[in-house]
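These notes are about the structure you will find just below.
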Amino acid sequence: MTELRRSPIDDRHRALGATMTGFAGWDMPLDYGSVVAEHRAVRGSCGVFDLSHLGTLRVTGAGAARAVQRAFTNDVSALPVGRAHYTLCLDADGGIVDDLLVYHLPWGYFVVPNAANAAAVAQALGSCAADAGDCEVDDVKADLACIAVQGAQAADVVTQSGVDVSSMRYLDCLALPLGEPTGSASGGAADGVPPDVGVLARSGYTGEHGYELFAPAELAPSLWDRVVEGGATPAGLGARDTLRLEMGYPLHGSDISPSTSPVEARLRWAVKPGTGFVGEQAYVAAAQVGPRRRLWGLRATGRGIPRAHCTVTRDGRALGETTSGTFSPTLRIGIAMAYLDAAVDEGAEVAVDVRGRALPATVVRPPFVDSDPRR
Amino acid sequence: MNPDDLRYTEEHEWTRADGGRITVGITQYAQDALGDVVYVDLPATGTRVERGQPFGEVESTKSVSDLYAPLTGTIVERNGALESQPELVNSDPYGQGWMVVIEVDEPDAVEQLLTAGDYDKITESA
């Protein structure tokens, strides 16, 4: 066993009495006492997460756009400086290697894969960069922490902590104006050398209005302190999971994986054929055939909580299996994501086998809750 | 830390004896280890339960745990409030968070359960 990596903010979590958990090689906070209370703080006012385990790659040079266009499925030529988009990294067979956000900054592209897939994405991107030419991919994980401030009060909390975000729209991004003026917020860096500052974006994985601050590691603890003093409730990975599931956001490794395609996972909106991405041929072929199964939401209508890998049936016939499931703190019922036979449609009444007990549920189209990060 | 007038099991249940009946719940230690309790599955009244065997489930945001019968007998009451307010198990484990009442076959068997002092030792060493 290799030693788990620790976040630059690790001592704050321990001081708060967090339950720590090993996650993708990192020792991260699972909760600070109550997943439900942390979840409700994010939905009701504001929470703060340490996401320093997320991968962070910088792509720079004249060939950066070509490399990113080839590596990922969304159309990066349509992404202006100062904007971010959701995209996928596919393998040659069209399976999902990772889902991620790409941020377009003045100095190039900032790529944030899931922690568990950071190495695979770096490798895929590195190979595309070599083909594109005149392009550098740098892993800046050692330099950057990530603090996510999420919830209706997030704009006020972040602005009070010294970073004015009042004019940012959903998926806007810019160089993080923090600390000593080592680089201007508007960037420049025409020579392709990234300024020595982080990234600020209005993005998140909770469904709430929120911000992600990729801050230099040495500045992260004081930034965390200011955000907490400003009223944000520290929230762990447990609440992050219940929040994302209430929105129906897929989790790579659970709901999507190399053995699932964007067609069955309903992620076609993030795939732009004709842009020359790796896996395009396989994707187009799969899209033409159509999915054999589709990813749906399940809303329990009886008491009980579905978890991952429960069989879903209708009239005794197996329709598929759940990939994620939890108790929804907002709705106070069980919710799940499941791949179901393509013949199943919205509103179908099904049964989820929860440890031998049949839990009735309705097939729904997520989100399960009325939240929208664009608000 | 655990009330002196109750008896305990190594599975972290408490019992309060009243004649031939025992009220059963889970301990402060157990609710803290589970985290937010979000679902409690209890048997219907009239169900026979056997000492040391599972009779229900308590589920938190983190995990699912079986509930074990402290003694053999018949369920005569169940705490219906836990269906809509499972969080009572966290907020008041020895009071409103009670789970079932069992009419025990051998009332004297209560004396075989752990005292508060015995149980404190188990949780202190855990």
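If I filter region A:304-311 for residues that are more than 14 Å from every other protein chain (Cβ to nearest Cβ) and outside any strand (DSSP E or B), do I get at least one hit?
no
Among all residue pairs at least 6 apart or on different chains, which show Cβ distances below 6 Å where the first residue, located in region A:218-238, is under 12 Å from A:R12 (Cβ atoms) and the second is among the basic types (K, R) and not in a strand (DSSP E or B)?
Taking only residues 6 or more apart or on different chains, the pairs are A:W224/A:R12.
Select from region A:319-375 the residues that are out of contact with any strand residue (DSSP E or B) (no Cβ under 7 Å at 6 or more places or on another chain), of a type in the set (A, V, I, L, M) and in a strand (DSSP E or B) and list them in ascending order.
Within region A:319-375, just A:V354 meets the criteria.
Quick one: B:Y29 ticks every box in (1) assigned to a strand (DSSP E or B); (2) open to solvent by 70 Å² or more (accessible area, probe 1.4 Å) except a single one, so which number is it?
Going through the list (1) assigned to a strand (DSSP E or B); (2) open to solvent by 70 Å² or more (accessible area, probe 1.4 Å), B:Y29 breaks only (1).
Conditions (1) surrounded by fewer than 23 Cβ atoms within 10 Å (Cβ to Cβ); (2) at pLDDT 95 or above; (3) under 21 Å from B:S91 (Cβ atoms), marked per residue:
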{"position": "A:E3", "(1), (2), (3)": "yes, no, no"}
{"position": "A:G22", "(1), (2), (3)": "yes, yes, no"}
{"position": "A:W26", "(1), (2), (3)": "yes, yes, no"}
{"position": "A:Y32", "(1), (2), (3)": "yes, yes, yes"}
{"position": "A:C46", "(1), (2), (3)": "no, yes, no"}
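Let me spell it out: the conditions are (1) closer than 19 Å to A:I333 by Cβ; (2) away from chain A (no Cβ under 14 Å); (3) of a type in the set (S, T, N, Q), and B:T45 meets all of them except one. Which number is the exception?
Condition (1) is where B:T45 drops out.
Would a scan of region B:6-14 turn up a residue that is within 11 Å of chain A (Cβ to nearest Cβ), open to solvent by 20 Å² or more (accessible area, probe 1.4 Å) and over 12 Å from B:V101 (Cα atoms)?
No: region B:6-14 contains no residue that is within 11 Å of chain A (Cβ to nearest Cβ), open to solvent by 20 Å² or more (accessible area, probe 1.4 Å) and over 12 Å from B:V101 (Cα atoms).
So which residues in region A:206-237 are within 24 Å of A:F110 (Cα to Cα), open to solvent by 10 Å² or more (accessible area, probe 1.4 Å) and hydrophobic (A, V, I, L, M, F, W, C)?
If the condition is that a residue be within 24 Å of A:F110 (Cα to Cα), open to solvent by 10 Å² or more (accessible area, probe 1.4 Å) and hydrophobic (A, V, I, L, M, F, W, C), then A:A217, A:L219, A:L237 are the ones that fit.
Is it the case that some residue within region A:340-347 is over 25 Å from A:G207 (Cβ atoms) and open to solvent by 70 Å² or more (accessible area, probe 1.4 Å)?
Scanning region A:340-347, I find at least one residue that is over 25 Å from A:G207 (Cβ atoms) and open to solvent by 70 Å² or more (accessible area, probe 1.4 Å), so the answer is yes.
Kindly evaluate A:G231 against the criterion of being more than 30 Å from A:A358 (Cβ to Cβ), assigned to a loop (DSSP other than H, G, I, E, B), touching a Cys at 6+ places or on another chain (Cβ under 7 Å) and not assigned by TED's automatic domain parsing to the domain that holds A:D341.
It is true that A:G231 is more than 30 Å from A:A358 (Cβ to Cβ), assigned to a loop (DSSP other than H, G, I, E, B), touching a Cys at 6+ places or on another chain (Cβ under 7 Å) and not assigned by TED's automatic domain parsing to the domain that holds A:D341.
Would you please list the contacts, defined by Cβ atoms under 8 Å and residues six or more apart or on different chains, that run from a residue in region A:83-105 that is within 15 Å of A:Y205 (Cα to Cα) to a residue that is acidic (D, E) and modelled with pLDDT of 95 or more?
If the second residue must be acidic (D, E) and modelled with pLDDT of 95 or more, the pairs left are A:A84/A:D172; A:Y86/A:D99; A:T87/A:D99.
The values are calculated or read from the model by the stated rules, or taken from the named source; none is laboratory data. These numbers come from a predicted model, not from an experiment. Note that we place each Cβ from the backbone using ideal geometry, even for glycine, and neighbour counts take in every protein chain shown. The area values use the complete protein model at the heavy-atom level, side chains included, leaving out ligands, DNA and RNA. Shrake-Rupley method; radii C 1.70, N 1.55, O 1.52, S 1.80 Å.
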